[in-house]
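Data first, discussion second: the structure below is written as structure tokens.
The values are calculated or read from the model by the stated rules, or taken from the named source; none is laboratory data. Everything numeric here is computed off the predicted structure, so don't read it as measured data. Here the Cβ is made from the backbone with ideal geometry for all residues, glycine too, and neighbour counts use every protein chain on show.
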Amino acid sequence: MNQRIICRLKFLFNAMMISLLYISLFSACSQKDENKPYTIGFSQCVASDHWRRTMLDEMKMELSLHSSTKFIYKDADGDSKRQISQVREMLLSGLDLLIISPNE
């Protein structure tokens with residue numbers, strides 16, 4: 001894989017993780033009910049390649065530092081229609097944050 005592409009993927013991954021951190025920090029400062037856990041949903045288009053598995057592992061590692069945060073993960077296995085259905089299902093569940101890694 002081209003070194004430039006690898007650097008770009010690392011940058012995008014780091015930007016996503018920093019965004020997740022900021023959202024977590026801002027939500028901690030809100031007037032939210034402290035008894036209700038913060039719920040994050042993650043829709044992955046496919047988890048079979050190394051980069052996407054690493055992204056999921058890094059998210060889980062960061063979330064392990066926040067034991068009250070609930071994490072919902074869905075893998076569409078490369079099927080766009082399935083991913084759309086899974087995203088709709090997660091939206092109806094009342095998530096606080098939805099992260100989507102789209103198939104198309």
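Search segment 90-104 for residues being over 11 Å from the mean Cα position of the chain (by Cα) and under 16 Å from Lys70 (Cα atoms), and hand back the single one that is modelled with the lowest pLDDT.
Across segment 90-104, the extreme among qualifying residues is Gly94.
Residues that are within 19 Å of Ser93 (Cα to Cα) and surrounded by fewer than 16 Cβ atoms within 10 Å (Cβ to Cβ): does segment 49-68 have at least one?
yes
Kindly indicate whether any position in segment 71-86 is touching a helix residue (DSSP H, G or I) at 6+ places or on another chain (Cβ under 6 Å), farther than 19 Å from Thr39 by Cα and either assigned to a loop (DSSP other than H, G, I, E, B) or of a type in the set (S, T, N, Q) (or both).
Yes, segment 71-86 contains a residue that is touching a helix residue (DSSP H, G or I) at 6+ places or on another chain (Cβ under 6 Å), farther than 19 Å from Thr39 by Cα and either assigned to a loop (DSSP other than H, G, I, E, B) or of a type in the set (S, T, N, Q) (or both).
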